[in-house]
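The following block contains the structure, expressed as structure tokens.
The values are calculated or read from the model by the stated rules, or taken from the named source; none is laboratory data. It should be emphasised that the depicted structure is a prediction, and the values quoted were computed from it without experimental measurement. Glycine gets a Cβ as well: all are built from the backbone with ideal geometry, and neighbour counts include every protein chain shown.
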Amino acid sequence: MDIKKVKRSEDYSAWYNNLVKYADLAEHSAVKGCMVIKPYGYAIWETMQAELDRRFKETGHVNAYFPLFIPKSFFSKEASHVDGFAKECAVVTHYRLKVDEDSREIVVDPEARLEEELIVRPTSETIIWNTYRDWIQSYRDLPILVNQWANVVRWEMRTRLFLRTAEFLWQEGHTAHATAEEAIEETRKMLDVYADFAENVLAVPVIKGVKTPNERFAGALDTYCIEGLMQDGKALQMGTSHFLGQNFAKAFDVKYVTRENKQEYVWATSWGVSTRLMGALIMSHSDDEGLVLPPRLAPIQVVIVPILKKGDANEAVLKKAEEYFFALKKAGIRVKLDDRDTQSPGFKFAEYELKGVPVRIAIGPRDVQNGALEVARRDTKEKQSMAETDLVHKIEHLLEQIQNNLFQRALDYRSEHITAVNSWEEFKDVLENKTGFVSAHWDGSTETELKIKEETKATIRCIPLNNPEEAGTCVYSGKPSTQRVLFAKAY
RNA sequence: CGGGGUGUAGCGUAGCCUGGUAUCGCGCCACAUUUGGGAUGUGGAGGUCGUAGGUUCGAAUCCUGCCACCCCGACCA
């Protein structure tokens, strides 16, 4: 376990890679750019899915599934969309292999070339809107509120586990509406769902905002986002929600008849979050000891480690441990009793710390005699002896406390790392030395945005929602500006 | 895709310069003693040295191509 060899403060990238590996979350696969999500990591993703899926259902959405393959012609129908994704599409050209007569090797059968090539979906707007054309005739068919859980492929040149891989898992919501107002409302509503999920489940504070035209989704009129700040001072886009206007409806000729018997194009939204959230989770809370998981997301919320000794006390210890185990389980807590006698308690302590288990209960002969137990919390590493009376409530309360503490800690860090600056010198200095978000006036032009990016690598992460109007001058160009926007270096 | 680096047992490594089929630690297996913060002893198993060629009597070692990963760029919803 040489996770501790690399300190978070010394080499954040290496620390992250080690953590993903040693906490058993994921590993590189034999396929370039693609990862294997291991059972422990996948269990966390499943919990995220469950929490999100519940929220989607509560807001009226239903799940469906669309094809992995998209005909190239569909893909090219929306001009800005294809522009945005063309450079990272995997393309299927053939449908058969054969054994080469000479070399006896398996080769692509040149006679099995597809008439029309298929794109492996980088996102599904095109296939979905092509389908919606058949589903929508009248205003009575609207709205359509569909979500799909799927994998997508974006051929990246440089990958990082969870943060950027060629294939990743996500959900994509695709909705169709009769009016622009309703679609915009949907876009904003789902942004709120994401923000609620990020803050209350992941315990990661996020800033809700809107992207600049330059950072907008290819094919959208507006892209809303939630932006998080990682422990190394870099920002991470954690989710996006797009108001697509009528772009896809026009590209795929999706019209509906109004009450007044008029033909109108349908209004669209799409929104998604991905396994990238795993990266956000790791980079928001974890430390040199390993992963730190918020209780609401932890596959194991409480682990019970019996301290076994030579002699007859063991039976009593195990019996007590089981008693606690069943009491906690009955209360709906995800609890594990680790009664392996092949590892020492110290080993287990370290292992569960590495895996981020929020609460550890240790119980030995002394505790049994005293009717007590030792409770250790992962977030603060505090240990305390606790009387067994009312154990379930105490643990429930503690889990709640840990959840809140993690959020508060991350929020404090972020608050300290949003810096308002008024000069270009200050801008560069904060970005370089203090890191985090820089709040600065911007003249609103893409030209300035790109120049700033070129000179500092910082991008405009978002224009926060409900951003106060404030007259000022652009930190770069000196031109007049009406508001501050958030810049940061980002993943 | 460009520049740099790395690749030797599950993990981390020595050996490479100066060619003669491999070192050590952790982990793994067995037994014993242990167990309140990563136990100890003894014995044991495990390696086509990333991969494909080349040079050579002989290649982990020298040469070339390829692959993967890491760092820096470019690119990137």
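Kindly indicate whether A:L399 is crowded, with 17+ Cβ neighbours inside 10 Å, within 15 Å of RNA strand B (Cβ to nearest atom) and under 29 Å from the mean Cα position of the chain (by Cα).
Working: crowded, with 17+ Cβ neighbours inside 10 Å: yes; within 15 Å of RNA strand B (Cβ to nearest atom): no; under 29 Å from the mean Cα position of the chain (by Cα): yes.
The answer is no for A:L399.
If I ask for residues that are hydroxyl-bearing (S, T, Y) and at pLDDT below 95, which ones from the stretch A:43-76 would you list? I'd like the intermediate steps shown before the answer.
Quick first cut of the stretch A:43-76, residues hydroxyl-bearing (S, T, Y) only: A:47, A:59, A:65, A:73, A:76.
Selection gives A:S73, A:S76.
Pick from A:T456, A:T419: which is touching a Phe, Trp or Tyr at 6+ places or on another chain (Cβ under 8 Å), without any contact (Cβ under 8 Å) to a residue 24 or more places away in the chain and not small (G, A, S)?
Values: A:T456 fails: without any contact (Cβ under 8 Å) to a residue 24 or more places away in the chain.
Answer to the selection: A:T419.
While we're looking at this one, here's another question. Return the total of residues in the stretch A:82-103 being under 20 Å from A:H242 (Cα atoms) and either away from RNA strand B (no atom under 12 Å from the Cβ) or in contact with a helix residue (DSSP H, G or I) (Cβ under 7 Å, 6 or more places away or on another chain) (or both). Write out each step before concluding.
Residues of the stretch A:82-103 under 20 Å from A:H242 (Cα atoms): A:82-86.
Of the ones still in play, those that are also either away from RNA strand B (no atom under 12 Å from the Cβ) or in contact with a helix residue (DSSP H, G or I) (Cβ under 7 Å, 6 or more places away or on another chain) (or both) are A:82.
Going through the stretch A:82-103 one residue at a time, the tally reaches 1.
Here is a check on your reading of the model: is A:I463 assigned to a strand (DSSP E or B) and either over 16 Å from A:E227 (Cα atoms) or in contact with a Gly (Cβ under 9 Å, 6 or more places away or on another chain) (or both)? Before the answer, list the steps.
On the way: assigned to a strand (DSSP E or B): yes; either over 16 Å from A:E227 (Cα atoms) or in contact with a Gly (Cβ under 9 Å, 6 or more places away or on another chain) (or both): yes.
When the stated conditions are applied, A:I463 passes them.
Among the residues of the stretch A:253-283, what is the count of those that are of a type outside the set (K, R) and over 15 Å from A:T240 (Cβ atoms)? Even if it seems obvious, please write down each step before you answer.
Taking the stretch A:253-283 and keeping what is of a type outside the set (K, R), we get A:253-254, A:256-258, A:260-261, A:263-275, A:277-283.
From what is left, the residues that are over 15 Å from A:T240 (Cβ atoms) are A:253-254, A:256-258, A:260-261, A:263-267, A:278-279, A:281-283.
Number satisfying all stated conditions: 17.
Identify all residues within the stretch A:35-52 that are farther than 18 Å from A:P294 by Cα, in contact (Cβ under 8 Å) with a residue 24 or more places away in the chain and out of contact with any His (no Cβ under 8 Å at 6 or more places or on another chain); write none if there are none.
Hit for the stretch A:35-52 is A:I37, nothing else.
Would you confirm whether or not the stretch A:197-213 contains a residue that is in a helix (DSSP H, G or I), in contact (Cβ under 8 Å) with a residue 12 or more places away in the chain and under 22 Å from A:H81 (Cβ atoms)?
Here is the first cut: in the stretch A:197-213, the ones in a helix (DSSP H, G or I) are A:197-200, A:213.
Filter once more, keeping what is in contact (Cβ under 8 Å) with a residue 12 or more places away in the chain: A:197-200, A:213.
Adding the requirement that they be under 22 Å from A:H81 (Cβ atoms) leaves A:213.
Yes, the stretch A:197-213 contains at least one residue that is in a helix (DSSP H, G or I), in contact (Cβ under 8 Å) with a residue 12 or more places away in the chain and under 22 Å from A:H81 (Cβ atoms).
Within the stretch A:312-325, does at least one residue satisfy the condition of being away from RNA strand B (no atom under 13 Å from the Cβ) and under 34 Å from the mean Cα position of the chain (by Cα)?
Yes, there is a match, as at least one residue in the stretch A:312-325 is away from RNA strand B (no atom under 13 Å from the Cβ) and under 34 Å from the mean Cα position of the chain (by Cα).
Restricting attention to the stretch A:323-351, which residues are among the acidic types (D, E) and under 26 Å from A:L297 (Cβ atoms)?
Just the residues of the stretch A:323-351 that are among the acidic types (D, E), to begin with: A:323, A:338-339, A:341, A:351.
Across the stretch A:323-351, the qualifying residues are A:D338, A:D339, A:E351.
Where residues in the stretch A:370-393 are in a helix (DSSP H, G or I) and away from RNA strand B (no atom under 16 Å from the Cβ), which of them is surrounded by the most Cβ atoms within 10 Å (Cβ to Cβ)? Break it down into steps so the answer makes sense when it comes.
Of all residues in the stretch A:370-393, those in a helix (DSSP H, G or I) come to A:370, A:391-393.
Filter once more, keeping what is away from RNA strand B (no atom under 16 Å from the Cβ): A:392-393.
On the way: A:V392: 15, A:H393: 10.
Filtering the stretch A:370-393 for residues that are in a helix (DSSP H, G or I) and away from RNA strand B (no atom under 16 Å from the Cβ), the one surrounded by the most Cβ atoms within 10 Å (Cβ to Cβ) comes out as A:V392.
When you go through (1) modelled with pLDDT of 95 or more; (2) within 27 Å of A:M283 (Cα to Cα) one by one for A:E432, which number turns out not to apply?
Unmet condition: (1).
Another one. Taking A:F162 as the residue in question, decide whether it is at positive phi and either outside the structural domain of A:T258 (by TED's automatic domain parsing) or at pLDDT 90 or above (or both).
Details: at positive phi: yes; either outside the structural domain of A:T258 (by TED's automatic domain parsing) or at pLDDT 90 or above (or both): yes.
So A:F162 passes the test.
Might you check whether a residue that is surrounded by 13 or more Cβ atoms within 10 Å (Cβ to Cβ), aliphatic (A, V, I, L, M) and either closer than 27 Å to A:W271 by Cα or in contact with a Leu (Cβ under 7 Å, 6 or more places away or on another chain) (or both) occurs anywhere in the stretch A:8-16?
Within the stretch A:8-16, none of the residues are surrounded by 13 or more Cβ atoms within 10 Å (Cβ to Cβ), aliphatic (A, V, I, L, M) and either closer than 27 Å to A:W271 by Cα or in contact with a Leu (Cβ under 7 Å, 6 or more places away or on another chain) (or both).
Is it true that some residue in the stretch A:332-344 is free of Cβ contacts under 8 Å to residues at least 12 places away in the same chain, away from RNA strand B (no atom under 13 Å from the Cβ), closer than 25 Å to A:Y40 by Cβ and out of contact with any Leu (no Cβ under 7 Å at 6 or more places or on another chain)?
As a first pass, look at the stretch A:332-344 and keep what is free of Cβ contacts under 8 Å to residues at least 12 places away in the same chain: A:332, A:340, A:342-344.
Filter again for away from RNA strand B (no atom under 13 Å from the Cβ), leaving A:332.
Right, trim to closer than 25 Å to A:Y40 by Cβ and you get A:332.
Going one step further and asking which of them are out of contact with any Leu (no Cβ under 7 Å at 6 or more places or on another chain), we end up with A:332.
Yes, that holds for at least one residue.
Let me spell it out: the conditions are (1) at pLDDT 90 or above; (2) over 30 Å from A:A26 (Cβ atoms); (3) within 16 Å of RNA strand B (Cβ to nearest atom), and A:A79 meets all of them except one. Which number is the exception?
Among (1) at pLDDT 90 or above; (2) over 30 Å from A:A26 (Cβ atoms); (3) within 16 Å of RNA strand B (Cβ to nearest atom), A:A79 violates only (1).
Touching a strand residue (DSSP E or B) at 6+ places or on another chain (Cβ under 9 Å), in a loop (DSSP other than H, G, I, E, B) and surrounded by 12 or more Cβ atoms within 10 Å (Cβ to Cβ): which single residue out of A:F85, A:F66 fits that description?
Working: A:F85 fails: in a loop (DSSP other than H, G, I, E, B).
Selected residue: A:F66, the only one of A:F85, A:F66 that is touching a strand residue (DSSP E or B) at 6+ places or on another chain (Cβ under 9 Å), in a loop (DSSP other than H, G, I, E, B) and surrounded by 12 or more Cβ atoms within 10 Å (Cβ to Cβ).
Do we find that A:R113 is modelled with pLDDT under 95 and outside the structural domain of A:H177 (by TED's automatic domain parsing) in this structure? Even if it seems obvious, please write down each step before you answer.
Details: modelled with pLDDT under 95: yes; outside the structural domain of A:H177 (by TED's automatic domain parsing): yes.
Spelling it out, A:R113 is indeed modelled with pLDDT under 95 and outside the structural domain of A:H177 (by TED's automatic domain parsing).
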